[in-house]
Ligand code: 5GP
Ligand code: MG
């Protein structure tokens with residue numbers, strides 16, 4: 001078993017690159033089939049979704065725009081529950097069909113906040129594409145349209161997701177073991 005250390009924690013390899021890439025391709029193909037005629041605006045939620053968005057967009061095969069927003073709700077290992085405002089959305093979403101591109105939906109609190117904000121800004125339709133979802137952790141009634149992979153309720157790093165700022169560059173996903 002392949003393990004790594006980041007700061008004070010040990011992590012074990014749990015999802016290899018090949019599985020990640022196959023799952024991301026499936027989501028992109030679903031999106032290609034569903035919304036090719038909708039002139040969508042993809043909204044990548046930084047920092048965590050940068051790698052998912054990068055790979056996803058390479059398989060999207062119709063004209064579209066992509067933009068990037070930022071917000072912070074996570075501190076160390078546990079969701080803090082306090083979600084900050086969206087920053088960086090310079091494009092108007094009025095009447096647009098938007099696709100929020102997220103790294104992971106955990107409790108769903110972050111996504112609920114993003115959806116409320118985009119609705120208030122006048123988006124015509126909002127879809128959610130997340131790389132990972134932890135179904136057992138969900139605390140909010142939100143619709144997640146596209147999920148690349150579902151995972152258990154353990155802390156993971158890699159493929160854009162960090163532990164205390166590190167590990168985002170890993171091409172595989174690792175789960176905390178100690
Ligand atoms: P939620 O608001 O759904 O509880 O949390 C969403 C955010 O928490 C994600 O965008 C991500 O930044 C962070 N998060 C949730 N679970 C994990 C995890 O296992 N590892 C890492 N690195 N971040 C996580
Ligand atoms: Mg995120």
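Points to keep in mind about this one:
- Point-to-point label distance, residue 34-residue 169, nm (Cα→Cβ direction, 7 Å offset): 3.4
- FRET efficiency for residue 26 and residue 85, using Cβ-Cβ distance with R0 set to 35 Å, rounded to 0.05: 0.60
- Spin-label model, residue 18/residue 92: points 7 Å from Cα along the beta carbon direction are separated by 4.9 nm.
- Gain on full stretching of the segment that runs from residue 125 to residue 176 - 0.36 nm per residue minus C-alpha separation: 14.7 nm
- Computed P(r) (all Cα pairs; the range 18-149; 10 Å bins; percent): 12, 47, 35, 6, 0
- Taking 0.36 nm per residue of separation and subtracting the current Cα-Cα distance, fully stretching the chain between residue 61 and residue 142 would add 26.4 nm.
Values in this text are rule-based calculations from the coordinates and carry no lab data. This structure is a prediction, so every number in the text was calculated from the model and none was measured. Note: ideal-geometry Cβ built from the backbone for every residue, glycine included; neighbour counts use all protein chains shown.
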